[in-house]
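This report concerns only the one structure given below.
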Amino acid sequence: MRPRNLYDNAVPCGSSVAIEALLRLAALTGEERWERQALTALRPMADLMGRHPTAFGRFLCALDFHVGPHAEVALIAPRRIEETSELAHEVFTRFLPNVVTAGMVNGHREAAAGIPLLESRLALDDKPTAYVCRNYTCELPVTDRAALAKQLDALPTR
């Protein structure tokens, strides 16, 4: 039997990664059941995280995602998802640990099914479009990288 290690070492603990993934899935889909499952697994770690924080880095990241402000970014392409590469580069080259990002091609409603962040989002003027949101309430959509950078700069950082 392979031993289970709760500590986050060079390779994070599988449980901590799973908890963070569930919290991100909850933010992406809006389904509370994923958050409940994540918190059920995270709560028993509270005492250990408090006493030995350096041993539980990934668990603490998951906790930070849960309690702190997080944001969502939707990237909508007019025809092919590759068209969002410039906007995606602006998002993914920043350190935004509490941001959930999703993308789709304009008009592919089946891709948006079950993902509130993507529902009712359209590419504007046949250009790749980004929506920066908090709790699914979005800023005005932007189509250029500089405007997206300005919106991302305004996101809360801790």
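The values are calculated or read from the model by the stated rules, or taken from the named source; none is laboratory data. Quantities reported herein were computed from a predicted structural model and do not represent experimental measurements. Positions of Cβ are generated from backbone atoms using ideal geometry, with glycine treated the same way; all protein chains shown enter the neighbour counts. Note: areas computed on protein heavy atoms with side chains; ligands, DNA, RNA excluded. Shrake-Rupley method; radii C 1.70, N 1.55, O 1.52, S 1.80 Å.
Kindly work out what percent of the DSSP beta bridges joining two residues of the chain are antiparallel, to the nearest 5.
55 percent
Work out from phi, with θ = phi - 60° and the Karplus expression 6.51 cos²θ - 1.76 cosθ + 1.60, the ³J(HN,Hα) of each residue of segment 5-12, listed in order in whole Hz, and give x for Gly and Pro.
10, 7, 6, 8, 9, 4, 9, x
How about segment 25-101: which trypsin sites (Lys or Arg not before Pro) there lie in a loop by DSSP and see at most 14 other Cβ atoms within 10 Å?
Sites meeting the loop and neighbour criteria: 79, 80, 94.
Strictly under 4.7 angstrom between C-beta atoms: which cysteines of the chain have no such partner?
13, 61
Just want the answer: with Cβ charges of +1 for Lys and Arg and -1 for Asp and Glu, which residue in 105, 52, 123 is farthest toward the dipole's positive end in segment 47-158?
52
Report, to the nearest whole %, how much of the accessible area of the chain belongs to carbon and sulfur atoms, 1.4 Å probe, protein only.
Summing carbon and sulfur atoms, their accessible area is 56 percent of the total for the chain.
Within segment 68-148, what percent of beta bridges assigned by DSSP are antiparallel, to the nearest 5?
Numbers: 8 of 15 bridges.
Bridges in segment 68-148 are about 55 percent antiparallel.
For the chain, report the accessible area per residue in Å² (1.4 Å probe, heavy atoms, rounded to an integer).
58 Å²
Using a simple charge model, +1 on the beta-carbon of Lys and Arg, -1 on the beta-carbon of Asp and Glu, nothing else, what dipole does segment 1-155 show about its Cα centre, in debye to the nearest 20?
The dipole of segment 1-155 has a size of about 520 debye.
With a ≥ b ≥ c the root eigenvalues of the C-alpha gyration tensor of segment 75-140, is it rounded (a/c under 1.5), prolate (a/b larger than b/c) or oblate?
Oblate is the answer for segment 75-140, as a/c is 1.5 or above yet b/c matches or exceeds a/b.
Taking the chain as a Gaussian network, Cα atoms linked when under 10 Å apart, which of 65, 95, 56 shows the biggest mean-square fluctuation?
Sorting by GNM fluctuation, first place goes to 95.
Take the Cα of residue 52, step 7 Å along the line toward its Cβ, and report every residue of segment 1-39 whose backbone nitrogen sits under 16 Å from that point.
3-16
Match the structure shown to one of the listed values [x] 54, 30, 28; [y] 57, 47, 28; [z] 50, 33, 21 of Cα extents along the principal axes in Å, computed from it, and give that label.
[x]
From the helices alone, meaning DSSP H stretches of at least four residues, give me the mean residue ellipticity at 222 nm for the chain, per-run term -39500 (n - 2.57), in deg cm²/dmol to the nearest 500.
When only DSSP H runs of four or more count, the value is -12000 deg cm²/dmol.
Please work out the Cα center distance from segment 1-34 to segment 52-90, rounded to the nearest Å.
15 Å
Quick check for you: which residues of segment 119-158 have the amide N under 15 Å from the point 7 Å beyond the Cα of residue 64 toward its beta carbon?
Under 15 Å, as judged by backbone N against the label point of residue 64, lie 156-158 of segment 119-158.
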